[in-house]
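Worksheet for the structure shown next.
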Amino acid sequence: MTAVPAAPSARRERNRSWRRFTANRLAVLGLIVVVVLTAMALLAPVIAPFDPARQDFSALLQRPGGGHLLGTDELGRDTLTRVMYGARISLSAGLVSVLLALIAGSLLGLLAGFVGGWLDEVIGRVIDALLAFPFLILAITLAAILGPSLQNTMLAIAIVTTPAFARVTRAQVLAQRELEYVQAAGALGAGRWRTLLRHILPNISGALIVQASLAIAEAVLAESTLSFLGLGVQPPTPSWGSMLNTARGYLQTAPWLALSPGVVIFLTVLAFNLLGDGLRDALDPRGRTR
């Protein structure tokens, strides 16, 4: 009987969160940029003006304009097309690696925070050891060990991103497990997994969503760095990082080669950070009374 009014209450809370989010103009701008980039990545085979691997030796290093809006590279390939296809690599690497890290880190954090004891000590020490290494240095090391490929890049980024999710989840669980609703669930006979998955996890999902949106920005930057160093996607597959690496040799004669992927990387990372900040403000429990 008491569960009937829960749906309207949850709907009102979602509406309030959405209003708080849309009140943040920078967050809305970030969301728009993310949607546009995602659409560009998904529709690249349809809207791209050329084949990303098509070489035109009559149009080497052509300036932006004419038949090539963003110019061409050293092999006559259309820069705009390669930027569009590069979005598929960078965004997929960011989304997949963060999803893997979210699953693994959340599980570790749930276990460490709720079970506690020696398990918390072991997981905590492993997390501290991984966090002791700089993010990019550890990602580069793992990518070099695993070998250059998109799959290995995703795995390396997922591994170095997992500790952040585990720490956030653990902190949230420690705060939630002492609350009355968790104690009541235990008193009513709910097992540990049921309490974790049905009661605690939904209440900490907001913090995990915010962490994920911020982690995607970091993952996109990490993928671009690995590809720039030759440890990510291999040519001729277009990637923003590899495009920047190629452009190094043409900064004086063809600066547009570096400008296009560099601006897109900047906009992508900025958009996800703005989106994450907006989600944090919208989902902050302290703001629910406003």
By average Cβ neighbour count within 10 Å, what is the ranking of 238-248, 112-122 from highest down? 238-248, 112-122
Measure nothing but the geometry: give the 0 to 90° angle between the long axis through the Cα atoms of 256-283 and the longest principal axis through the Cα atoms of the chain, rounded to 10°. 10 degrees
I'm spelling it out carefully: the read-out is Rg and Dmax of the Cα atoms in Å, the candidates are (1) 22.5, 77; (2) 19.9, 56; (3) 19.3, 61, and one was derived from this structure. Which label? (1)
Plugging the Cβ-Cβ distance of residue 61 and residue 267 into 1/(1 + (r/R0)^6) at R0 = 22 Å yields, to the nearest 0.05, a FRET efficiency of 0.35
Just subtract the alpha-carbon distance of residue 13 and residue 141 from 0.36 nm times their residue separation and send over the number in nm, one decimal. 41.7 nm
Does the range 1-152 come out rounded, prolate or oblate, given a ≥ b ≥ c as the square roots of the eigenvalues of its C-alpha gyration tensor, rounded meaning a/c under 1.5 and, failing that, prolate meaning a/b above b/c? oblate
Assign unit charges at the C-beta atoms only (+1 for Lys and Arg, -1 for Asp and Glu), then state the dipole size of the chain relative to its Cα centre in Debye, rounded to the nearest 20. 1020 debye
If one compares the long axis through the Cα atoms of helix 201-228 with the longest principal axis of the Cα atoms of the chain, the angle in degrees, nearest 10, works out at 20 degrees
Ordering 224-230, 126-132, 100-106 by per-residue average of other C-beta atoms within 10 angstrom, highest first, gives 224-230, 100-106, 126-132
Please work out how much length the chain gains when fully extended from residue 36 to residue 92, using 0.36 nm per residue of separation minus the C-alpha to C-alpha distance, in nm with one decimal. 18.7 nm
Taking the 0 to 90 degree range and rounding to the nearest ten, how far is the long axis of helix 25-42 tilted relative to the main principal axis of the chain, both from C-alpha atoms? 60 degrees
Classify the range 223-272: rounded, prolate or oblate, from the alpha-carbon gyration tensor (a ≥ b ≥ c, eigenvalue square roots; a/c under 1.5 rounded; otherwise prolate if a/b is larger than b/c)? oblate
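Every number in this text was worked out from the coordinates using simple rules, so none of it is lab data. Quantities reported herein were computed from a predicted structural model and do not represent experimental measurements. In this analysis, Cβ positions are derived from the backbone assuming ideal geometry, glycine residues included, and neighbour counts consider all displayed protein chains.
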